[in-house]
1. Under 8 Å between Cβ atoms, at least 6 apart or on separate chains: pull out the pairs that start in the range 160-177 with a residue that is touching a residue at least 60 places away in the same chain (Cβ under 8 Å) and under 18 Å from Ala104 (Cβ atoms) and end on any residue that is part of a loop (DSSP other than H, G, I, E, B) and open to solvent by 50 Å² or more (accessible area, probe 1.4 Å).
2. Kindly indicate which of Arg5, Arg16, Arg52 is on the phi < 0 side of the Ramachandran plot, modelled with pLDDT of 90 or more and among the basic types (Lys, Arg).
3. Considering Ala19, Ala45, Ala27, Ala64, which residue is within 18 Å of Ile105 (Cα to Cα), open to solvent by less than 50 Å² (accessible area, probe 1.4 Å) and in a helix (DSSP H, G or I)?
4. Which of the residues that make up the range 99-109 are in a helix (DSSP H, G or I) and in contact with a Ser or Thr (Cβ under 8 Å, 6 or more places away or on another chain)?
5. Do we have Ala78 as hydrophobic (A, V, I, L, M, F, W, C) and at pLDDT 75 or above here?
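The values are calculated or read from the model by the stated rules, or taken from the named source; none is laboratory data. These numbers were taken from a predicted model, which means no experiment stands behind them. Backbone-built Cβ (ideal geometry, glycine too); neighbour counts: all protein chains shown. When the accessible area is computed, the model is the full protein with side chains, heavy atoms only, and any ligands, DNA or RNA have been set aside. Shrake-Rupley method; radii C 1.70, N 1.55, O 1.52, S 1.80 Å.
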Amino acid sequence: MNERRAADWLAGGNRRELATERIFAAAAELIREQGFVRFSADDVASRAGCSRATLYRYVGGKSAIREGLLSRGAASVASQVAAAVESLRGDERIVESILVAVDAIRADAAMSHGLAAARANGIDEYLVSSPLLPRTALELAGLDPEGQQSQWVVRIVLMLLAWPLADRADERRMVESFVSS
């Protein structure tokens, strides 16, 4: 029995949590290698060292894996932005919120591949109309929920991801010029 437990990759903790983490880690690796569209549930199960049934039991299929990775990525981006803008106020907070979000998304393979796939498949409108993104933008940038500023922030982040400027300094100058006007 001890030999079996040593080989059981779900031993030593919460099985659901361990399985979920291992599966999402394997999926993230595959997305970095193959892109957001080309990976398969079978590839993820194989990389995670589990059966397809285990993958579906703990995470779901390809669509659920994509959504889970994007949701985790969004939470990570939000956390990074919150930490970076904690002591800032006003225009400076809005500018940093946008730029830190762009940098964090670019650094996250699942997020950057996922957004590129969304644009390629014509679902940009989903991204800008999702209540999660504007609400997060409001919280992080400290904007008034009565205006359309949160939609503006989401759209600026998506625009910088889709059409980056020559360098980060150019992006900062552009964002600063619009925020301060």
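1. Glu171/Pro164; Glu171/Leu165
2. Arg52
3. Ala27 is the lone residue from the list that is within 18 Å of Ile105 (Cα to Cα), open to solvent by less than 50 Å² (accessible area, probe 1.4 Å) and in a helix (DSSP H, G or I).
4. Filtering the range 99-109 for residues in a helix (DSSP H, G or I) gives 99-107, 109.
Of everything in the range 99-109, those that are in a helix (DSSP H, G or I) and in contact with a Ser or Thr (Cβ under 8 Å, 6 or more places away or on another chain) turn out to be Ala104, Ile105, Arg106.
5. Here the answer is yes, as Ala78 does meet what is asked.
Here's the yes/no breakdown for (1) in contact with a strand residue (DSSP E or B) (Cβ under 8 Å, 6 or more places away or on another chain); (2) free of Cβ contacts under 8 Å to residues at least 60 places away in the same chain; (3) crowded, with 21+ Cβ neighbours inside 10 Å; (4) assigned to a helix (DSSP H, G or I):
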site: Leu69; (1), (2), (3), (4): no, yes, yes, yes
site: Ser76; (1), (2), (3), (4): no, yes, no, yes
site: Ser79; (1), (2), (3), (4): no, yes, no, yes
site: Ala82; (1), (2), (3), (4): no, yes, no, yes
site: Leu88; (1), (2), (3), (4): no, yes, no, no
site: Ser97; (1), (2), (3), (4): no, yes, yes, yes
